[in-house]
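The values are calculated or read from the model by the stated rules, or taken from the named source; none is laboratory data. Every value quoted in this text rests on a predicted model; they were computed, and no experiment measured them. Here the Cβ is made from the backbone with ideal geometry for all residues, glycine too, and neighbour counts use every protein chain on show. Each accessible area value is taken on the protein alone, full model and side chains, heavy atoms only, with ligands, DNA and RNA left out. Shrake-Rupley method; radii C 1.70, N 1.55, O 1.52, S 1.80 Å.
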Amino acid sequence: MKAPTELISSVGRGVARASGASVLWRGRLDTGGWAGINPRVKSGRFMKILPDYEHMEYRDVYTCLLHRYRHILGLWQPDIGPYGGLLNVVVDGLFIIGWMYLPPHDPHVDDPMRFKPLFRIHLMERKSATVECMYGHRGPHNGHVQIVKKDEFSTKCNQTDHHRMSGGRQEEFRTWLREEWGRTLEDIFHEHMQELILMKFIYTSQYDNCLTYRRIYLPPSHPDDLIRPGLFKGTYGSHGLEIVMLSFHGKHARGTKITGDPNIPAGQQTVEIDLRHRIHLPDIESLRDFNELSRIVLEVREQVRQEQQQEGGPEDAAGLGRQSPQPCAEPPAEQAKGPGDGGAEAAAEPPAQSGQGQPFVLPVGVSSRNEDYPRTCRMCFYGTGLIAGHGFTSPERTPGVFVLFDEDRFGFIWLELKSFSLYSRVQAAFRNADAPSPQAFEEMLKNIQSLAS
C-alpha cells in the first residue's frame, strides 16, 4: 500500500512527494509541519494544475489555508446512516486533504488499512483557498467545505456528474465492489451477503460525497489498561470487516463501532468486557466442546447477575477505580480443574503472575471468517455482545468471551450466534486526535451513540 503522498503523485492529483525536485513545500504528513517553498519546481505537468507557488507568501498560506481550516484537522466520523466511516484530515505539503480510511478486504484482518482521498483544499491564487472534491474516477473537481459548528463540518460536491461512469450504474457498482471487497459479485456465492453488499452500495452512493462529519477522539490511555486502547479492525460475518474503538472505563472495557452495518450501526457499543470476571479456559480438548464453554460462561453470567442484585442495580459501566489484570497461564497441576470445573469459581481466583500464554482453539461449531487466528492467548474475560435484527430492531446484549491474544489482537466469542470475531490493531499514527480531557472523550462516545440510536 502506497503512502497517501505517493498516491496523490501517482494519479496526478497532487504534487507532494517524499523527496527530490517535486517537493513544493517541505513538511511532514504526520505532523502537518512545513519549512519553506522550493521555487525550483518548473515542471509543466505540475504547473498546469497548480498556481505559481514561487511568489506565494507564507502569510497567505497561513491566513487563507492553515488558519482558516485548522478546525477540521483530525479524526471524523461521517454521517452515512448505519455505515459510518473514519476520515482523517491532515496537512500534506501545501494541501489540506481528507483521507477516508477503509478496512482491508475481508477477511484479511491483519492487512494494513486502505485509504482514498475525498477532498483537498489548497491555494489556487493568493488569498483564495480552493476546495476540490476527489470522489470518483475523473479527477479533482469543484467542491465546498462548510464548518457548521464546533466539532462538525460538511462537504459538498458541486459537480456530481464527475462521479458518474460511462457504463452507468452497473459499471459503478462493479468498480465499487472491486475497491470495497476486492472481488466481483460472481465470487460471492452467499445470497445474503450479496444482498448486504448491494444494499450498502445503493445507500452510500446516494450521498455523492455530500456529507456531514462529526469529530471523534482516540481513547485516553492509562498505565493500568489491559492493553493500549485504540482503533481495531474486526470481522463481522457477512458484513465484512468493521472498525471498532477499544476504550477502558475502570472495571470495564468497551468496543464502540466507528463503522457499522444495518444490524448494529456505527456508534453503538458492540462489546463490553467485565474486567472483574476472568474466565479460565478448560484444557484444549475440553475447549473444543461448545457446551462446556457455554456452561462456564453462563455460570459467570449468573454470578454477575447476583452481584448486580446485591449492589442494587446494574453495575455502572464506568466502574470505580482501576485494576491491572495479570497474564493468564494454566493453573498449577495440583490446582488444575477438570472439565466440570471453572467458570465463576475460576474467575474469583487471583490472576497468575506468569507471562506464559495458554493454548487456544475455537470450539467445534463456532464459525470464524478468519481461520488464521492465534493458537495461544494471554487471558479471557466475561463479556457481552450487542446483537439485533435488521434495522437495529430488538437489540439485546448476549454473553460471550473476550479473548486477549497479544498487545495488538483480541477476539470475541458470541455464544448465542456461535460466531467468533477477530480484531487487529489499526497500525496508523493519527495526529490532532487526542481528546482534550477524559470527560470530552466520554461525551463524544455518548454523542455518537445517541446519533446511532
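Tell me, yes or no, whether the stretch 402-419 has at least one residue that is surrounded by fewer than 17 Cβ atoms within 10 Å (Cβ to Cβ) and of a type in the set (Gly, Ala, Ser). So far as the stretch 402-419 goes, no, none of its residues is surrounded by fewer than 17 Cβ atoms within 10 Å (Cβ to Cβ) and of a type in the set (Gly, Ala, Ser).
Can you name every residue in the stretch 92-115 that is in a strand (DSSP E or B) and at pLDDT 95 or above? Write out each step before concluding.
At the first step, the residues of the stretch 92-115 found to be in a strand (DSSP E or B) are 92, 95-102, 114-115.
Of everything in the stretch 92-115, those that are in a strand (DSSP E or B) and at pLDDT 95 or above turn out to be Ile96, Ile97, Gly98, Trp99, Met100, Tyr101, Leu102, Arg114.
Candidates in the stretch 143-169 are the residues that are touching a strand residue (DSSP E or B) at 6+ places or on another chain (Cβ under 7 Å) and open to solvent by 60 Å² or more (accessible area, probe 1.4 Å); of these, the one that is farthest from Trp76 (Cα to Cα) is Gln159. Pairing residues of the stretch 159-176 that are assigned by the TED database to the domain that holds Gly136 with residues that are outside any loop (DSSP other than H, G, I, E, B) and open to solvent by 50 Å² or more (accessible area, probe 1.4 Å), at Cβ distances under 6 Å and at least 6 apart in sequence or on separate chains, gives Gln159/Asn142; Met165/Glu171. Within the stretch 170-193, the only residue that satisfies the criterion of being open to solvent by less than 30 Å² (accessible area, probe 1.4 Å) and outside any helix (DSSP H, G or I) is Ile188. A count restricted to the stretch 410-446 and to residues that are touching an Asp or Glu at 6+ places or on another chain (Cβ under 8 Å) and in a strand (DSSP E or B) stands at 2. Going by what's in this entry, would Ser166 be described as in a loop (DSSP other than H, G, I, E, B) and of a type in the set (S, T, N, Q)? Taking the combined requirement at face value, the residue satisfies it.
Just checking, does the stretch 411-426 include any residue being modelled with pLDDT of 95 or more, closer than 30 Å to Arg70 by Cβ and of a type outside the set (Gly, Ala, Ser)?
The first filter runs over the stretch 411-426 and keeps only residues modelled with pLDDT of 95 or more, leaving 411-426.
After this cut, where a residue has to be closer than 30 Å to Arg70 by Cβ as well, the list is 425-426.
Filter once more, keeping what is of a type outside the set (Gly, Ala, Ser): 425-426.
Yes: one or more hits.
Residue count for the stretch 136-162 satisfying the condition of being touching a helix residue (DSSP H, G or I) at 6+ places or on another chain (Cβ under 6 Å) and modelled with pLDDT of 95 or more: 2. Of all residues in the stretch 123-151, those being part of a strand (DSSP E or B) and either closer than 24 Å to Gly93 by Cα or without any contact (Cβ under 8 Å) to a residue 12 or more places away in the chain (or both) number 17.
For the stretch 206-224, enumerate the residues that are touching a residue at least 60 places away in the same chain (Cβ under 8 Å), in contact with a strand residue (DSSP E or B) (Cβ under 7 Å, 6 or more places away or on another chain) and not aromatic (Phe, Trp, Tyr). Of everything in the stretch 206-224, those that are touching a residue at least 60 places away in the same chain (Cβ under 8 Å), in contact with a strand residue (DSSP E or B) (Cβ under 7 Å, 6 or more places away or on another chain) and not aromatic (Phe, Trp, Tyr) turn out to be Asp208, Asn209, Leu211, Thr212, Arg214, Arg215, Ile216, Leu218, Pro219, His222.
Looking across the stretch 436-453, just one residue is more than 16 Å from Leu86 (Cβ to Cβ) and among the aliphatic types (A, V, I, L, M), and that is Ala440.
When Gly267, Gly319 are screened for being modelled with pLDDT of 95 or more and open to solvent by less than 20 Å² (accessible area, probe 1.4 Å), only Gly267 passes.
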